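Engineer: One structure follows; several queries about it will come next.
The values are calculated or read from the model by the stated rules, or taken from the named source; none is laboratory data. Owing to the predicted nature of the structure, the values given are computational and were not obtained by experimental measurement. Cβ placement follows ideal geometry from the backbone for every residue including glycine, while neighbour counts extend to all protein chains displayed. The protein model used for the area step is the full one, side chains on, heavy atoms only, and it has no ligands, DNA or RNA in it. Shrake-Rupley method; radii C 1.70, N 1.55, O 1.52, S 1.80 Å.
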Amino acid sequence: MGMDTHQTLPQLILSPEEKDAGRRRLTALIGANQVPVIGIFVGGRKSKGKKWPEENFFKLITALHAQEIPVVVFFETKEKRRMGLFEQSLGKDIPLVFEPSLRAFASLVSPCTLFIACDSGPMHLACALGVRTLALFLKRNFQHWGPPSNIAQIIYRSEGIGVEDVVKAAVSELCNVSSA
């Protein structure tokens with residue numbers, strides 16, 4: 001038909017007060033003026049094969065923390081019971097967050113420089129907030145369900161995603177942000 005088209009993405013607009021509250025809360029968790037900050041959502045639907053193993057998240061978080069990159073770990077309602085295991089494995093230096101309110105959760109994600117998550121609602125939420133995202137896809141359906149490359153980098157390997165793949169991608173993304 002000769003019509004010009006363009007891609008539109010879902011957006012979640014937070015009020016200035018919500019953004020400020022999230023930024024203050026995140027700063028309280030990681031310390032003042034800690035930039036960049038990586039948010040990592042450790043949930044996902046295991047029954048759908050969308051959940052990366054816990055051990056991989058432990059290794060990822062530890063590797064980023066060892067590079068002195070501030071990390072905040074996010075949990076959903078179904079994952080809340082596992083917070084103790086994460087605290088035990090990671091220590092008290094890594095902030096763990098469970099926020100049941102969707103808008104309050106979004107306000108905590110919005111100041112993150114980068115958000116890492118498996119194919120999940122929080123992955124799409126981070127994209128809707130305009131937060132650069134590493135989208136971990138364990139299934140080949142990323143072409144249908146994955147976010148566009150202008151807001152996210154999809155990581156998929158048919159043989160499985162290695163921790164080193166995600167660490168390398170995260171460091172690269174942070175370098176791109178700091179040089180922009």
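Engineer: Step through the residues of region 19-36 one at a time and calculate ³J(HN,Hα) from phi using the Karplus curve (6.51 cos²θ - 1.76 cosθ + 1.60, θ = phi - 60°), rounding each to whole Hz and writing x for Gly and Pro.
Structural biologist: In residue order, the calculated couplings are 4, 5, 4, x, 5, 4, 5, 5, 4, 5, 6, 10, x, 5, 6, 8, 9, x Hz.
Engineer: Still on this structure, I have one more. At 222 nm, what value in deg cm²/dmol follows for the chain if DSSP H runs of at least 4 each add -39500 (n - 2.57) and the sum is divided by all its residues, to the nearest 500?
Structural biologist: On the way: 7 runs with 73 residues, N = 180.
Per the formula, -12000 deg cm²/dmol.
Engineer: Name the lysines eligible as straight-distance cross-link partners of residue 50: C-alpha to C-alpha under 23 Å, and not fewer than 8 places from it in the same chain.
Structural biologist: Reachable lysines: 59, 78, 80, 139, 168.
Engineer: Right, next: Give me a comma-separated list of calculated 3J(HN,Hα) values for region 63-71, in order, Karplus coefficients 6.51, -1.76, 1.60 applied at θ = phi - 60°, integers in Hz, x for any Gly or Pro.
Structural biologist: Whole-Hz 3J(HN,Hα) from phi for region 63-71: 5, 5, 4, 5, 8, 6, 9, x, 10.
Engineer: Just to check I understand the Karplus step: with θ = phi - 60° and J = 6.51 cos²θ - 1.76 cosθ + 1.60, what whole-Hz values come out for region 105-116, glycine and proline as x?
Structural biologist: The phi angles translate into 4, 4, 5, 7, 6, 4, x, 5, 6, 8, 10, 10 Hz.
Engineer: How many percent of the accessible area of the chain is carbon or sulfur, using a 1.4 Å probe?
Structural biologist: Summing carbon and sulfur atoms, their accessible area is 52 percent of the total for the chain.
Engineer: Count neighbours as other Cβ atoms within 10 Å of each site's Cβ, and list the trypsin sites (Lys or Arg not before Pro) in region 81-162 that are DSSP loop with at most 15 such neighbours.
Structural biologist: 92, 139, 140, 157
Engineer: Does region 76-180 come out rounded, prolate or oblate by the C-alpha gyration tensor, with a ≥ b ≥ c the root eigenvalues, rounded set by a/c under 1.5 and, if not, prolate when a/b is larger than b/c and oblate if not?
Structural biologist: Rounded.
Engineer: Right, something else. Which label marks the calculated value of Rg and Dmax of the Cα atoms in Å, given the options (1) 16.0, 60; (2) 17.8, 59; (3) 13.7, 40?
Structural biologist: (1)
Engineer: Shifting gears a bit: What net charge do the residues around residue 98 carry, taking every other residue with its C-beta under 12 Å from that of residue 98, with Lys and Arg at +1 and Asp and Glu at -1?
Structural biologist: Around residue 98, the charge tally is 0.
Engineer: Shape of region 80-132 from its Cα gyration tensor (a ≥ b ≥ c, root eigenvalues): rounded if a/c is under 1.5, otherwise prolate when a/b > b/c, or oblate?
Structural biologist: prolate
Engineer: Counting only DSSP beta bridges with both residues in the chain, tell me the antiparallel percent, nearest 5.
Structural biologist: About 0 percent, rounded to the nearest 5.
Engineer: Then there's this: Run the simple label-point estimate for residue 87 and residue 151 please: 7 Å along Cα→C-beta, distance reported in nm.
Structural biologist: 3.3
Engineer: Here is a follow-up. Among 26, 135, 145, flag the residue with its Cα farthest along the positive direction of the charge dipole of region 24-153, charges on Cβ as +1 for Lys/Arg and -1 for Asp/Glu.
Structural biologist: Going by the charge dipole, the pick is 145.
Engineer: Find the accessible area per residue for the chain; the probe is 1.4 Å, ligands and nucleic acids are left out, and the unit is Å².
Structural biologist: That works out to 56 Å² for each residue.
Engineer: So, one more: Suppose every K and R has +1 on its Cβ and every D and E has -1 on its Cβ; what is the size of the dipole of region 39-180 about the Cα centre, in Debye to the nearest 20?
Structural biologist: Working: 17 positive and 13 negative charges, 119 e Å.
Charge dipole, region 39-180, about its Cα centre: 580 debye, nearest 20.
Engineer: Also, quick follow-up: Using 0.36 nm per residue, how much length does the chain from residue 165 to residue 21 gain when fully extended, once their Cα-Cα distance is taken away? It would help to have the intermediate numbers written out before the result.
Structural biologist: On the way: separation 144, 0.36 × 144 = 51.84 nm, distance 3.31 nm.
Length gained between residue 165 and residue 21: 48.5 nm.
Engineer: If you don't mind, there's one more thing I want to ask. Under a 5 Å amide H to amide H cut-off, with H placed in plane at 1.01 Å, what residues pair with residue 154 once short-range neighbours are removed?
Structural biologist: Hits under the 5 Å cutoff: 135.
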